[in-house]
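Okay, so here's the structure we're looking at.
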Amino acid sequence: MRSARGPIALAACLALLASGVGCLAPQVAPLGAEVTTATLADDEAYLWKKTREVQHEIETSGLRYVDPALDAYLAQVVGRVAPASLREAGLAPRVAVISDVQIHGYSFANGVIYLHTALLSRMEDEGALATVLTRELAHVIDRHTLRLKREEKARADALAWLGVGATLSQAGSGAQMLAQAYSISSAIGFPHQLEVEADRKGLELLHAAGYDVRRTPAFFEGTIEYLAELHPQGPLAWLAFAPPAPMTARIAGYRSVIAERYPDPVASAGLVPPIADAKRFRRLVRGATERQAELELAAGLFLSAEKTARLACDAAESDPAPWLLLGRALQGQRDKPLPGRKLPSIGDVRAAYRQALAIDARNAPATRELGLTYYRTTGRVRTAKSAQTALQHLRRYLALAPEAQDADYVRAYIAELETDHP
C-alpha cells in the first residue's frame, strides 16, 4: 500500500513555503533603468537560470495549452499593462496558459506569467485578465521572489526539518516539478507584506492602463464562488464551506485602497475602451474554456463542467464541441448524483447532443452519445421505440467513424439491441 506520507508532507512543505518563514530580506530596488537584466546580482542571475530550467520542464511536459490566437491576445494585453520601466530593464513579460483544473495564476522572476485554464475560463472580461496580470507584474517589478530567496536559510532549515528530500522522492516526478516551480514563483503566495505591496502596485498599473479598478474585487469574489462550487463535489462535501481567509482579506484590502486612492477612477484616469469587449473576450478564451470543461469532466467535477461548458456554448454559435461537453456534464450528474441536487433530465442531456448535431450533422461523438442515451436503461425495460432510436444513431456512428477505437463495443451494443428487439 502506498504511503500517504509523501503527499501530506509535500502539502505541509508548500504551506510552510507560503507562510514566508523567517524575516524578509531588505527591500530591493525595482526593475527599471537602474536595475536591468544585464546588471543582475549573482544570486538573482542564478535564480533566473533555475527559473528557465523549470519553465522548460513545464512547457515540454504536455501541460502547456497552445492556442496561437489566444497567445497573441494575451501578449497584447500584457504589453498594454506592462510599464515602461520593464522595457527599460530589458524585460518583455510573457503569458502562457497551462491545462490545469485548479484555479490559479502565478509569475516567475523573469517575467513569465502562467495562467491555468480554470482561471481563464471563469474570467468575465478583459478587466479580470488585466487584474491578474498587473498583480503578477508587480511581483516581478519589485523582485519579490529574490527577496524571499535571500532569506533562504531560514526556509531551508525549515524544509530540512520536514525531510523534504524524502518527501519529493516519494511524491513522484510531477509533484517534484510543481514543487520546484512553486518554490521559485508566486504560485504559493508571498508573505502578507509583499502581497499588500503587489495589490497596491497592481492597481496602479491597472489604473494607468485605462481599466476600471472598481471592478477588481468582483474578480476575487468570483474565485471564491468557484471554490464554493467545487466544495460539494469534493471528498469533504459534508463540511460547511468557508471562504479562504486570505482571499476575503484581499478583497477587503482592495476595497480600502480603491476607496482611498481611486474615489472617481473614470474621471481621474480618462478610461479608454478595453482591447476586447466582454463578448469578444469570451470568444478569445473559448478554446481554453472547452479545455477546462474537459479537465473537469475527467476529474468528475460534473457541476463545474456544466457551468464551464455553458460558458463555451455561449461563445461558440457554430462549434458543436461545447454542446457535446455540456451533454456529458449533464449525463455525469445523472450517473453520479450529488445529495440534495436536482438531477438534469434525460431530455436536457439529449437536447445538448441534438444541438451539437444541428451544428454538424456528421459529428460522430455526438451521434454516439445520443444513441447511448437511448441504449441505457434506468431500472425500466427498454421499449422497442427507444431500442430502434438507439440502433439508428449507433449504426450511423459506425458509418461516420468505422475505425473508431470503441467500434467493437458499439457493435456489441447493436447486436444486443437487435437480439432483444428484432
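General remarks:
- Restricting the range 186-241 to residues that are at pLDDT 90 or above and charged (D, E, K, R), the residue that is nearest to residue 262 (Cα to Cα) is 204.
- Hey, residue 208 touching a residue at least 24 places away in the same chain (Cβ under 8 Å) and among the aliphatic types (A, V, I, L, M) or not: yes
- Hey, residue 309 closer than 25 Å to residue 374 by Cβ, in contact with an Asp or Glu (Cβ under 8 Å, 6 or more places away or on another chain) and either small (Gly, Ala, Ser) or not in a helix (DSSP H, G or I) (or both) or not: yes
- Identity of the residue in the range 340-367, part of a helix (DSSP H, G or I) and open to solvent by 60 Å² or more (accessible area, probe 1.4 Å), that ends up nearest to residue 413 (Cα to Cα): 354
- Taking first residues from the range 60-85 that are touching a residue at least 60 places away in the same chain (Cβ under 8 Å) and partners that are charged (D, E, K, R), the Cβ contacts under 8 Å between residues at least 6 apart in sequence or on separate chains come to 65/291; 77/126.
- Those residues of the range 198-239 which are of a type in the set (Asp, Glu) and in a helix (DSSP H, G or I), in sequence order: 199, 204, 221, 225, 229
- Taking the range 373-397 as the range and being open to solvent by 60 Å² or more (accessible area, probe 1.4 Å), of a type in the set (D, E, K, R) and part of a loop (DSSP other than H, G, I, E, B) as the test, the residues that pass are 376, 380.
- Filtered by the rule that a residue be open to solvent by 40 Å² or more (accessible area, probe 1.4 Å) and not charged (D, E, K, R), the range 183-227 gives 192, 193, 196, 208, 218, 227.
- Per-region count, the range 228-249, residues open to solvent by 70 Å² or more (accessible area, probe 1.4 Å), among the hydrophobic types (A, V, I, L, M, F, W, C) and touching a residue at least 40 places away in the same chain (Cβ under 8 Å): 0
- Hits in the range 26-42 - residues which are open to solvent by 70 Å² or more (accessible area, probe 1.4 Å) and not polar (S, T, N, Q): 26, 33, 34, 38, 42
- Considering residues of the range 96-118 that are open to solvent by 10 Å² or more (accessible area, probe 1.4 Å) and out of contact with any Lys or Arg (no Cβ under 9 Å at 6 or more places or on another chain) only, the residue nearest to residue 274 (Cα to Cα): 104
- Within the range 392-412, the set of residues being of a type outside the set (A, V, I, L, M, F, W, C) and either within 10 Å of residue 371 (Cα to Cα) or touching a residue at least 40 places away in the same chain (Cβ under 8 Å) (or both) comprises 392, 393, 395, 396, 397.
- Looking across the range 295-339 at every residue that is in contact with a helix residue (DSSP H, G or I) (Cβ under 8 Å, 6 or more places away or on another chain), farther than 19 Å from residue 124 by Cα and small (Gly, Ala, Ser), the one that is most open to solvent (accessible area, probe 1.4 Å) is identified as 318.
- Number of the exception - residue 370 against (1) of a type in the set (A, V, I, L, M, F, W, C); (2) assigned to a helix (DSSP H, G or I); (3) open to solvent by 50 Å² or more (accessible area, probe 1.4 Å): (3)
- The residues of the range 85-127 that are under 25 Å from residue 50 (Cβ atoms) and under 8 Å from the mean Cα position of the chain (by Cα), listed by number, are 98, 99, 100, 102, 104, 105, 115, 116, 119.
The values are calculated or read from the model by the stated rules, or taken from the named source; none is laboratory data. If you're wondering where the values come from, they're calculated on a predicted model, not measured in any experiment. FYI the Cβ positions are ideal-geometry reconstructions off the backbone, even for glycines, and counts take in every protein chain you see. SASA here: full protein model, heavy atoms, side chains in, ligands and nucleic acids out. Shrake-Rupley method; radii C 1.70, N 1.55, O 1.52, S 1.80 Å.
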